């Protein structure tokens, strides 16, 4: 896939130097993926296609390298006409993993996509949020998005008032560019000692974000990804790895399921946007990215 579409707001080295990166520590402890696991990824994604019936007539042979040019061009025109011409993703390292299939899925659907999700951060409230805010408004404006998606991060700690202030600040920043804001809930995590003291704060984020969206006069939407993940961390689904052993991140299957769900939800809010069938993006190579550990 085109790696220039996936960029971090800050490098792994910078993030590690600034804060304890529990995500990376737990991932490293789980060990890297074996060559056998890497070779099995296309089979996993093919299984996903058959399992969720993402496309009519999908089969185990669905291994398209790229969407057909004509289909992509047609989708591009439709998406541009209906307010979904360019999507910008914000979030933490969980969103970094989600961005990999999203880039190919949006491209296959004729939508420009950029991610500034950040390893070890990406939050608009909580620890180091002010540092993020020093650059975020300029980054959002430079991207010239039609829609900004903020996946709530595992660092969105704070009081209810602090969380609401952070989310309202994001809404105002996005609205100044003329874009829509979409809040998406984070996957449930299996907390370690780093996260355990903040679980009640994270549990509140969905309600706070929903309230901000409801009070936004249509400038923001709220999507509950519970339909994808359920209420608790679940390592496997249908016999395949769905979430990383680190208890935080997603595996390729989970990221693909989330992507398919998200594009379907956006299609419901932006009439005329037609998500590309999963056979055009699920097995295009992104699943072999080194981001996916513990899978």
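Every number here is computed from the coordinates shown, using simple stated rules; none is lab data. Everything numeric in this text was worked out from a predicted model, so none of it was measured. Glycine also receives a Cβ, built like all others from the backbone with ideal geometry; neighbour counts cover every protein chain displayed.
Annotations for the structure displayed:
- In plain terms, the residue of 113, 258 with the fewest other Cβ atoms within 10 Å comes first and the most crowded comes last, giving 113, 258.
- Per-peptide packing, taken as the mean over residues of other Cβ atoms within 10 Å, places 146-153, 268-275 in the sequence 146-153, 268-275 from highest down.
- For the range 82-153: relative contact order, % (alpha-carbon pairs under 8 angstrom, 6 or more apart): 49 percent
- Take every pair of alpha-carbon atoms less than 8 Å apart whose residues are at least six positions apart; their mean separation over the length of the range 173-224 yields a relative contact order of 51 percent.
- Rounded to two decimals, the Cα-based Rg/Rh of the range 93-213, with Kirkwood Rh, is 0.95.
- If the convex hull is drawn through the Cα atoms of the range 192-295, its volume per residue in Å³: 132 Å³
- Value of relative contact order over the range 240-295, rounded to a whole percent, pairs C-alpha under 8 Å and six or more apart: 45 percent
- Alpha carbon convex hull of the range 159-250, volume per residue in cubic angstrom: 111 Å³
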